Amino acid sequence: MEVIPVYMLPFSTVFLIFMIYSFIGWCSEVLYVGIFFEHKFVNRGFLYGPVTPIYGCGGLTILLIPQALYHTWIPLFFASMVLCTLVEYAASWLMEKMFHARWWDYSRYKFHINGRVCLLNSVLFGLMGVIDIHFVQPYIMLFINWLGELRIQIISSVLAVIWIVDIIVTIRKLVDFNTTMEKIKVYTETLKDRYAHEEWFKGTNLLEKLESVKAKAESDRQNFNRNFLEKMEHLLENQKHMERFIKKFPTLRSAKYKDELQLLKNKMKNKLAKLKMNNKKL
């Protein structure tokens, strides 16, 4: 089956191809993380549904490459490598500007650019481009041709509605994420302003400092106002949606909310350690 560049296809077909690659990317991420790292199912998608749109963008980007390069493997490799690397860099930059957070970070890898992209991933993008054009896209086109124009339009329309709803829900959660981070920042700054001069207010990170405040509150119940501390504890304990994002993106970091994000990560780590300890006792 001949591979046709996306700019020669109807919009409904292009969108369906985008969704197929987004689903393939989601499956790849889930299998990779599940097998080699977490050893369990982790929904690695940015959205709630089983799609990772950056893979869809990458797939369409590869299909923008001129047909003349399809049968020249080395130029196809480098074209896929460069274009998909640009897509990943742009996605990382845009998401950071929108949500004040770096959702993935390749700083620990050699030959990275600002932690947004790295040579290893770029090489993989090149290989994926060659595999896609020669072994994946032909079968996707066979499937699409089998569906026919009417079914393509119906399926694409239904998927588009579901996808848009998913995006809206996810953005609302991300807005809540930023709002919560700002509240935690205000609370922690207030704690620092109040107790920075106290000898008992100590610790190498924000969680340890918070624990020192809790210890002081327990030992000096009469003279210590616990209301403020309880509000912050309640805020930290009721962040299921934030834990979801942190689990999906363990390298998530934020320049604006660096200490506050690390506080949540440390809380999650401690909670997990307690669960493991309790399971061992059982």
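Can you confirm whether MET232 is part of a helix (DSSP H, G or I) and modelled with pLDDT under 75? Can you show your working first?
Numbers: part of a helix (DSSP H, G or I): yes; modelled with pLDDT under 75: yes.
Here the answer is yes, as MET232 does meet what is asked.
Suppose the filter is surrounded by fewer than 20 Cβ atoms within 10 Å (Cβ to Cβ), more than 22 Å from HIS134 (Cα to Cα) and touching a residue at least 24 places away in the same chain (Cβ under 8 Å); does VAL33 pass it? Taking the combined requirement at face value, the residue does not satisfy it. Looking at segment 6-19, can you tell me whether even one residue there is outside any helix (DSSP H, G or I) and over 16 Å from the mean Cα position of the chain (by Cα)? For segment 6-19, residues outside any helix (DSSP H, G or I) and over 16 Å from the mean Cα position of the chain (by Cα): present.
Residues in segment 126-146: is at least one surrounded by fewer than 16 Cβ atoms within 10 Å (Cβ to Cβ), in the same structural domain as ILE17 (by TED's automatic domain parsing) and charged (D, E, K, R)? No: zero hits.
Yes or no, residue by residue, for (1) in a helix (DSSP H, G or I); (2) more than 18 Å from the chain's Cα centre (by Cα):
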{"residue": "TYR21", "(1), (2)": "yes, no"}
{"residue": "PHE41", "(1), (2)": "no, no"}
{"residue": "ILE54", "(1), (2)": "yes, no"}
{"residue": "ILE65", "(1), (2)": "no, yes"}
{"residue": "VAL82", "(1), (2)": "yes, yes"}
{"residue": "THR85", "(1), (2)": "yes, no"}
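Would you check which residues across segment 120-171 are assigned to a helix (DSSP H, G or I) and either hydroxyl-bearing (Ser, Thr, Tyr) or at positive phi (or both) and list them? Don't jump to the end; show me each part of the working.
Our first condition is that a residue be assigned to a helix (DSSP H, G or I); within segment 120-171, this holds for 120-147, 149-171.
Correct list: SER122, TYR139, SER156, SER157, THR170.
The values are calculated or read from the model by the stated rules, or taken from the named source; none is laboratory data. Given the structure is predicted, the values throughout are model-derived calculations rather than measurements. No Cβ is skipped: glycine too gets one built from the backbone with ideal geometry, and neighbour counts run over all protein chains shown.
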